[in-house]
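The values are calculated or read from the model by the stated rules, or taken from the named source; none is laboratory data. Keep in mind the model is a prediction, meaning the values are calculated, not measured. Note that each Cβ is placed from the backbone with ideal geometry, even for glycine, and that neighbours are counted across all protein chains shown. Ligands, DNA and RNA are stripped out before the accessible areas are found, and what is left, the full protein with its side chains, is counted by its heavy atoms. Shrake-Rupley method; radii C 1.70, N 1.55, O 1.52, S 1.80 Å.
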Amino acid sequence: MAGAETDARSRMLGRIRRGLKRGPLPESVASGLTERLKSHPRNLIPARSRIPRAEQLALWKANIVKEHGTVAEAASEAEIPGLVADYLASQNIPPVVRIAPDPSIAALPWGERPLLSVAVGRAEAQDTVSVTPCFAAVAETGTMFFPSGPHHPTTLNIMPETQIVVLRQSRIVGAYEEVWDLLRREQGSVWDGPTGTRFMPRNVMLVTGPSRTADIEQTIELGAHGPRRVHVILLKDEQP
Amino acid sequence: MHITSPAFKQNARHALADANLQRALSNARTGFVEKRARAVAALPEFEALREEGRDLKNHVLAHLDFYLDTYAKAVEANGGTVHWCETADDARRAVVEICRAVGARTVTKGKSMIGEELGINEHLETAGIAPIETDLGEYIIQLRKEPPSHIIAPAIHLNREDWIEAFREKHTALPADRAFAERKTLIDEARSVLRSRFLAADVGITGANMLIAETGSSVIVTNEGNGDLTQTLPKVHIVLASVEKVVPTLEDACTILRLLARSATGQDFSTYTTFSTGPRRAGDLDGPGEYHVILLDNGRTSMIGTEFQEMLRCIRCAACMNHCPVYGAVGGHAYGWVYPGPMGSVLTPSLIGVDKAGHLPNASTFCGRCESVCPMKIPLPKMMRHWREREFERHLSPSAARFGLGAWAWFAKRPWAYRLAARLGAGVLGIAGRKRGRLGALPLAGGWTDGRDMPTPEGETFQARYARLKKQGLV
Ligand code: SF4
């Protein structure tokens with residue numbers, strides 16, 4: 001940090017403290033606030049997603065459909081390439097896909113669909129369809145979480161006109177807070193930041209349906225800059 | 001941005017006489033109000049969330065030094081850089097330096113009210129760097145070289161013909177006689193023109209709806225996905241954020257997010273809510289190599305400890321202007337600077353000075369609707385009154401405005417304008433509405449002299465205040 005900015009920092013913090021009529025927080029108070037960051041207590045979570053499992057799944061689906069997503073169900077992983085090909089055919093979209101380099105997607109039996117041309121990696125300008133795994137989704141609003149990482153390039157979520165999402169039913173939870181806790185549990189590592197644990201990937205996109213705009217005459221049109229279509233293949237990996 | 005706030009009255013007069021503007025505004029009025037009402041009615045906990053949101057932001061403001069410092073340390077521990085900027089000038093300089101360091105020629109921009117506050121586009125242009133707005137609403141107004149007129153729907157004052165005209169004029173590489181059959185044709189054209197800009201840009205600039213102290217993340221909320229392309233594709237991502245945007249944890253961010261989209265567009269959740277945490281990491285196939293946060297003060301820390309501190313709870317949802325009869329009648333440009341409507345009437349004098357924006361707190365009927373819909377429960381009418389009191393004290397008002405009327409009196413003296421405003425208030429101005437036939441004989445200014453109180457949400461009446469100020473020799 002440059003010297004001038006160090007001064008700016010102390011002047012800004014100083015003005016805040018003067019406004020609050022106090023000096024820097026006493027250590028006891030500051031450590032209490034740090035503890036709160038580490039324990040991250042939940043605030044009020046709407047009751048709408050705390051419902052029996054079958055209803056929770058139905059709520060997720062109703063919400064993503066309300067937000068213009070479409071959903072197909074797969075009974076097994078082996079069915080997924082066929083469902084991708086069928087969906088593209090039904091929409092008259094050329095059968096060329098860019099898939100995430102995630103083992104759960106790359107290892108699917110794509111070879112059984114020879115008409116489907118499959119490339120692996122991040123999205124490039126010419127890519128029109130992506131296939132991406134979803135980390136978890138929430139029933140509360142239908143929202144799907146896509147954390148970035150070497151296996152999960154962000155460009156796949158945003159550049160192609162069509163995003164096909166593979167979501168495991170077991171990864172549908174009630175509320176956003178549950179997904180943050182999944183991330184904390186599954187991706188936490190030691191960190192020299194203020195809380196001592198890092199779990200946030202570089203980028204986490206929360207996606208609730210296809211891209212849209214209401215900038216022209218306040219009327220919603222789909223397909224502004226991001227995907228025009230978000231099609232979810234729901235893998236039924238839970239026993240009823 | 002050129003400030004025309006002192007000319008609010010003239011601006012308002014022009015706006016009311018502008019038939020195209022009135023047509024555009026009529027699209028907006030009912031849309032936002034009805035959509036919000038439906039979304040709020042569908043969430044029984046909405047009121048409880050508002051209370052939590054207010055308390056949360058109050059907690060943050062009471063410990064803002066701690067949370068900013070913690071946030072900045074978290075950003076740095078993620079490999080990002082925080083630029084503490086006291087003034088708009090400092091922020092502009094920092095942005096240009098970052099761009100120059102990577103030899104940037106073009107910069108894509110997501111929608112950012114801080115960007116407007118800085119006038120960053122003009123500044124980049126002066127430095128020989130081309131800024132390209134990518135939010136469709138911001139894009140069209142950039143083509144038309146005008147400022148936004150609303151904080152979440154910047155082109156709300158335009159009609160479809162305005163888009164067609166601008167696209168024909170500026171997209172000269174396309175056939176001049178092409179047809180624009182529907183709105184979708186316009187959107188497709190903008191999408192393809194802007195996609196090549198996204199791919200070519202050296203730097204991407206976005207705003208931030210929130211900053212998270214726990215993780216060092218910045219959060220943007222969009223429906224188009226333009227913000228994500230802006231921050232993912234270029235080499236460098238610059239976040240423009242003001243100090244009051246920080247919240248402690250991801251859980252706290254969720255509370256705000258549950259309020260934000262419902263209050264803004266009436267959606268349960270926006271299409272894209274994205275958390276960015278530092279630059280590209282080892283093994284990543286995409287993402288920016290540098291991540292910078294411009295942490296802007298520009299007068300905000302001086303609001304702490306004053307009667308305007310509560311304004312720093314604002315999450316820029318625009319519900320207050322969507323429900324404001326004055327905004328609905330005159331639109332955003334009449335307010336003359338970046339932030340229009342009730343939140344602008346309170347914030348603008350804090351940021352650019354009461355001498356330049358002293359009229360704005362008068363641009364109110366004090367109907368109280370803004371406060372009643374504000375997700376952060378900001379007492380906007382009370383703060384507008386505080387500004388008016390300061391104006392009295394500083395004797396900045398012309399004699400008519402010293403009676404506490406100002407622009408509002410202008411409405412009151414013009415029953416047709418007032419009726420329009422009242423109609424837009426949709427039940428808000430119930431009293432005026434019910435007596436609509438008598439409004440001509442009941443201009444509100446007359447209401448004062450008749451000993452009739454305007455329904456002010458709280459505090460003393462005008463007469464009481466006037467009497468008190470007079471006794472104190474202030475008027
Ligand atoms: S003042 Fe309240 S209603 Fe207005 S933009 Fe800010 S948060 Fe929204």
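Restricting segment A:182-205 to residues that are crowded, with 18+ Cβ neighbours inside 10 Å and of a type in the set (D, E, K, R) leaves a set whose member that is nearest to the other protein chains (Cβ to nearest Cβ) is A:Arg202. I'd like the residue in segment B:325-346 that is small (Gly, Ala, Ser) and either modelled with pLDDT of 90 or more or not in a loop (DSSP other than H, G, I, E, B) (or both) and, out of all such residues, is nearest to the ligand (Cβ to nearest atom). Looking at the filtered set, the residue picked out is B:Gly341.
Just one of the listed residues (A:Val179, A:Val230) is part of a strand (DSSP E or B) and either in the same structural domain as A:Val138 (by TED's automatic domain parsing) or surrounded by 21 or more Cβ atoms within 10 Å (Cβ to Cβ) (or both), and it is A:Val230. From the list B:Ile156, B:Ile187, B:Ile164, B:Ile141, the one residue that fits, being farther than 30 Å from B:Gly289 by Cα and touching a His at 6+ places or on another chain (Cβ under 6 Å), is B:Ile156. Looking across segment B:126-141, the residues that are within 18 Å of B:Pro234 (Cβ to Cβ) and either within 14 Å of another protein chain (Cβ to nearest Cβ) or in contact with a Pro (Cβ under 7 Å, 6 or more places away or on another chain) (or both) come down to B:Ile132, B:Glu133, B:Thr134, B:Asp135, B:Glu138, B:Tyr139.
Residues in segment B:274-293 that are open to solvent by less than 10 Å² (accessible area, probe 1.4 Å) and not in a strand (DSSP E or B): 5 in all. Pick from segment B:279-324 the residues that are among the small types (Gly, Ala, Ser) and within 16 Å of A:Ser148 (Cβ to Cβ): which of them is nearest to the ligand (Cβ to nearest atom)? My answer is B:Gly287. B:Asn58 passes every criterion in (1) within 16 Å of the ligand (Cβ to nearest atom); (2) touching a strand residue (DSSP E or B) at 6+ places or on another chain (Cβ under 8 Å) apart from (2).
Report yes if B:Met384 is assigned to a helix (DSSP H, G or I), within 14 Å of the ligand (Cβ to nearest atom), among the hydrophobic types (A, V, I, L, M, F, W, C) and farther than 15 Å from B:Thr4 by Cα, otherwise no. Outline the logic, then answer.
Details: assigned to a helix (DSSP H, G or I): yes; within 14 Å of the ligand (Cβ to nearest atom): yes; among the hydrophobic types (A, V, I, L, M, F, W, C): yes; farther than 15 Å from B:Thr4 by Cα: yes.
Against the criterion (assigned to a helix (DSSP H, G or I), within 14 Å of the ligand (Cβ to nearest atom), among the hydrophobic types (A, V, I, L, M, F, W, C) and farther than 15 Å from B:Thr4 by Cα), B:Met384 qualifies.
Of the listed requirements (1) touching a Gly at 6+ places or on another chain (Cβ under 8 Å); (2) facing another protein chain (nearest Cβ under 7 Å), B:Phe275 misses just one: (1). Can B:Leu240 be described as at pLDDT 95 or above, within 16 Å of the ligand (Cβ to nearest atom) and out of contact with any Asp or Glu (no Cβ under 8 Å at 6 or more places or on another chain)? The answer is no for B:Leu240.
Take the residues in segment B:143-169 that are under 23 Å from B:Gly332 (Cβ atoms) and of a type in the set (D, E, K, R), then tell me which one is most open to solvent (accessible area, probe 1.4 Å). Checking each candidate, the answer is B:Lys145. Only one entry of B:Lys9, B:Lys35 meets the criterion of being of a type in the set (Lys, Arg), open to solvent by 50 Å² or more (accessible area, probe 1.4 Å) and within 12 Å of chain A (Cβ to nearest Cβ), and that entry is B:Lys35. Per the conditions (1) open to solvent by 50 Å² or more (accessible area, probe 1.4 Å); (2) in a loop (DSSP other than H, G, I, E, B), the sole criterion not satisfied by A:Ile93 is (1).
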